[in-house]
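The values are calculated or read from the model by the stated rules, or taken from the named source; none is laboratory data. Keep in mind it's a predicted model, so treat the numbers as computed, not measured. With ligands, DNA and RNA removed, areas are computed over all heavy atoms of the protein, side chains included. Shrake-Rupley method; radii C 1.70, N 1.55, O 1.52, S 1.80 Å.
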Amino acid sequence: MTPDTAQERARGGAPATPGLRVFLAAPFVQFIEADNGVVSPLWRARLSSLRDALLDAGHAVFNAHHNEGWGEWGLPPQECVPSDFRALQCADLVLAYPGTPASSGVALELGWASAMRKPVALLLDPGTAYSPMISALGEVSPVLPLDFDGSWSEPSVRAAVAAALGWAGALGARPGPWGAADLDTALAYHRRPQEAAAS
């Protein structure tokens, strides 16, 4: 699917059915501050805004950054890799920000997602030349490339999330067979409490 066609589908699509499991992928190591070993406040705020927009729309979100306390209690590789893989297997949609330069960890997660034919919405930095393995991912799996304005303003983030969810809705994305909310904790997905979502 060409980017123009994908963008048109996103604009015309109804929002995805609430209750999807969304795997939020973004660089981890390149956002960690060397002096304290945690994700910088700037990137914590940016990734939180993406996560919050998905939660506010009624979806469950897996985000390793949040799950590992932004680096404060990071999991060892032998735990975080299987955890990420399990969460991606159960995802109904992947929202990925590859970063600049593109993160090798996000690239691996995109490889898993494409092998599983998961729909992937890619937030792409303007002016960044991504590897063909990222830029041509839509040749093997459903991908919506979103030209992100790079401002990370609240309206920009909300618009990108709305476009991704609209596209997922147009694809017919629905909660998968692992959709029971009582599995969220075991899979490290988080949802807004019902009373907060209703207000």
What number, in percent, do you get for the relative contact order of the chain if the mean sequence gap of Cα pairs under 8 Å and at least 6 apart is divided by its residue count? 36 percent
Residue-by-residue Karplus 3J(HN,Hα) for the range 70-80, coefficients 6.51, -1.76, 1.60, Hz, glycine and proline x: 6, x, 5, 10, x, 7, x, x, 5, 9, 6
Report the convex hull volume per residue for the chain, counting only C-alpha atoms, in Å³. 122 Å³
Tell me, what is the per residue accessible area of the chain in Å², probe radius 1.4 Å? 48 Å²
Under Karplus coefficients 6.51, -1.76 and 1.60, residue-wise ³J(HN,Hα) of the range 43-54 in Hz, glycine/proline x: 6, 4, 5, 5, 5, 5, 5, 5, 4, 4, 4, 5
In Å³ and rounded to a whole number, note down the convex hull volume per residue for the Cα atoms of the range 93-173. 80 Å³
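Based on DSSP H runs of at least 4 residues, each adding -39500 (n - 2.57), what is the mean residue ellipticity at 222 nm of the chain after dividing by all its residues, to the nearest 500 deg cm²/dmol? Before the final figure, lay out the partial values.
Values: 9 runs with 86 residues, N = 199.
Dividing the helical sum by the residues of the chain leaves -12500 deg cm²/dmol.
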Taking every pair of alpha-carbon atoms in the range 19-82, what share in percent sits in each 5 Å bin, from 0 to the bin with the longest distance? 4, 18, 28, 23, 16, 9, 2, 0
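At a 1.4 Å probe radius, which order do THR128, THR100 fall into by accessible area, largest first?
Working: THR128 40, THR100 70 Å².
From most accessible down to least: THR100, THR128.
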Given backbone amide H placed at 1.01 Å from N, residues whose amide H is under 5 Å from that of LEU144, ignoring those fewer than 5 places away on the same chain, are VAL120, ALA121, LEU122
If you project the alpha carbons of the range 90-130 onto the principal axes, what extent comes out on each, in Å, largest first? 31, 16, 12
